[in-house]
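Following: one structure in structure tokens, then a few remarks.
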Amino acid sequence: MSEWRLYEVFVRSKHGLNHKHVGSVHAADNEMAMENARDLYTRRSEGVSIWVVPSDTITASASDEKEVLFDPSEDKVYRHASFYKLPDEVGHM
Amino acid sequence: MYAQLVDTGTKRLKTLEEMSPEERDFQEKVDAEIKIEAKNWMPDGYRKTLIRQISQHAHSEIVGMLPEGNWVTRAPTLKRKLQLMAKIQDEAGHGLYLYSAMETLGADRDEEIQKLHDGKAKYSSIFNYPTLNWADMGAVGWLVDGAAIVNQVVLQRTSYGPYSRAMVRICKEESFHQRQGYQILLDMMREGTQEQKDMVQDAINRLWWPALMMFGPHDDESPNSQQSMVWKIKRKSNDELRQMFIDQTIPQLEFLGCTAPDPDLKWNEETGHYDFGDINWKEFYDVLKGDGPCNRERLSTRRKAIDEGAWVREAAVAYAAKQKQRAAA
């Protein structure tokens with residue numbers, strides 16, 4: 001419902017794994033957001049923990065910022081292990 | 001298909017040369033199978049078509065709960081009742097996943113639902129048929145959800161990311177629906193009385209053609225399909241999907257020991273597919289226009305649910321406001 005706030009839902013599927021974004025729900029308050037998220041996204045034991053976050057509190061990068069944010073890392077090949085060639089004699093490193 | 005006759009607003013396809021640079025970038029991305037996400041630039045027509053298609057799809061899930069809701073209190077055993085309720089709860093969930101996907105396009109859920117209630121938005125023609133006996137619960141699960149699966153499996157590869165992800169989630173849950181339906185029919189055919197077996201055949205006779213209509217008009221009668229295919233919103237044509245459904249369903253029908261109400265249905269050795277008779281398209285368009293057996297009843301039930309539930313929504317907002325106030329004090 002429009003007068004209800006939109007929340008993004010994150011579910012941890014198993015202990016030891018990250019919470020992962022699964023979708024969104026509308027709710028009148030945080031508690032209801034949690035209940036709705038549980039009913040909507042974990043009907044078949046898909047999770048062991050849920051986060052609900054009001055969507056309007058998320059700061060997201062814009063698609064036209066893609067180059068500004070991510071291009072600088074493209075010419076830094078020396079940040080990857082594969083850039084450094086080792087002689088075979090050294091073995092696994 | 002849960003979305004039939006989705007208007008794309010295009011009369012003729014644009015060539016790459018006719019497109020603006022933005023449109024061309026977009027089309028090249030689609031052609032390269034790169035998913036379009038909410039914040040990416042997209043043509044207005046693409047956005048509008050998706051809103052129409054996803055909202056129709058969502059409305060179908062929501063209205064689709066009604067024919068089954070009819071049987072919750074009449075289910076023959078507690079086990080069947082629990083299964084049916086789980087299935088109906090899934091449909092509600094599917095509707096919500098889809099409304100969420102639609103909202104990423106800037107559409108408002110309340111507004112789209114209002115359009116449904118005003119009779120301005122469509123939903124699948126199949127849900128305007130009544131569910132008259134218990135075997136209908138089996139036939140709906142098997143045939144209707146079966147037809148939906150054929151369509152939805154392909155839609156997992158649709159070009160719009162949020163729609164595609166919703167479809168992946170839905171497909172995972174949908175096969176339970178089809179199996180529980182088929183099992184209802186199997187049990188009735190294996191252990192039922194003659195009267196119960198007759199109910200199964202009767203349910204199939206009534207739902208067979210409407211299930212085939214779910215895939216929408218023939219490809220050559222479907223002017224919007226072409227644009228949707230270029231945008232990769234649709235991945236396979238109506239006729240292709242319908243044929244896939246028939247080919248995979250007939251062996252299941254034969255295993256039940258039932259028949260389809262189609263004298264022209266027969267295996268074609270040459271094509272490797274089943275041939276089948278003509279669909280009554282007048283019936284299809286009548287139902288879609290609002291003149292099916294249950295259109296009015298379905299819409300009035302939906303309106304009643306929204307109107308009579310208004311106080312619950314208002315109370316939730318009032319409660320949330322009060323809690324907030326208390327926390328601040």
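The values are calculated or read from the model by the stated rules, or taken from the named source; none is laboratory data. If you're wondering where the values come from, they're calculated on a predicted model, not measured in any experiment. Cβ: placed from backbone, ideal geometry, glycine included. Neighbour counts: every protein chain shown.
Annotations for the structure displayed:
- Against the criterion of being facing chain B (nearest Cβ under 8 Å), part of a strand (DSSP E or B), in contact with a strand residue (DSSP E or B) (Cβ under 9 Å, 6 or more places away or on another chain) and not aliphatic (A, V, I, L, M), A:His26 qualifies.
- Inter-residue pairs, beta-carbon under 9 Å, first at positive phi and more than 9 Å from every other protein chain (Cβ to nearest Cβ) and in region B:99-113, second surrounded by fewer than 22 Cβ atoms within 10 Å (Cβ to Cβ) and in a helix (DSSP H, G or I), 6+ apart: B:Gly106/B:Arg47; B:Gly106/B:Ile51
- Options B:Asp44, B:Asp25, B:Asp31, B:Asp7: the member that is surrounded by fewer than 21 Cβ atoms within 10 Å (Cβ to Cβ) and closer than 22 Å to B:Phe215 by Cα: B:Asp7
- Residue in region B:296-310 that is in a helix (DSSP H, G or I), over 25 Å from the mean Cα position of the chain (by Cα) and of a type in the set (A, V, I, L, M, F, W, C) present: yes
- Counted residues, region B:63-98 - those being within 14 Å of chain A (Cβ to nearest Cβ) and either farther than 15 Å from B:Glu173 by Cβ or in contact with a strand residue (DSSP E or B) (Cβ under 7 Å, 6 or more places away or on another chain) (or both): 2
- Extreme residue, farthest from the other protein chains (Cβ to nearest Cβ), among residues of region A:5-23 that are surrounded by 12 or more Cβ atoms within 10 Å (Cβ to Cβ) and of a type in the set (Gly, Ala, Ser): A:Ser13
- B:Asp118 being in contact with a Ser or Thr (Cβ under 6 Å, 6 or more places away or on another chain) and modelled with pLDDT under 95: no
- Test: residue in region B:180-200 that is among the basic types (Lys, Arg) and more than 20 Å from B:Ala148 (Cα to Cα): yes
- In region A:1-23, the residues that are in contact (Cβ under 8 Å) with a residue 24 or more places away in the chain, among the hydroxyl-bearing types (Ser, Thr, Tyr) and either assigned to a strand (DSSP E or B) or closer than 16 Å to A:Ser55 by Cβ (or both): A:Tyr7
- Single residue of B:Ile233, B:Ile250 found to be without any contact (Cβ under 8 Å) to a residue 40 or more places away in the chain and either in a helix (DSSP H, G or I) or surrounded by 18 or more Cβ atoms within 10 Å (Cβ to Cβ) (or both): B:Ile250
- Members of region B:5-51 found to be among the charged types (D, E, K, R) and in a helix (DSSP H, G or I), listed by number: B:Glu17, B:Glu18, B:Glu22, B:Glu23, B:Arg24, B:Asp25, B:Glu28, B:Lys29, B:Asp31, B:Asp44, B:Arg47, B:Lys48
- Selection status of B:Lys120, in a helix (DSSP H, G or I), under 21 Å from B:Asp307 (Cβ atoms), out of contact with any His (no Cβ under 6 Å at 6 or more places or on another chain) and of a type in the set (Lys, Arg): no
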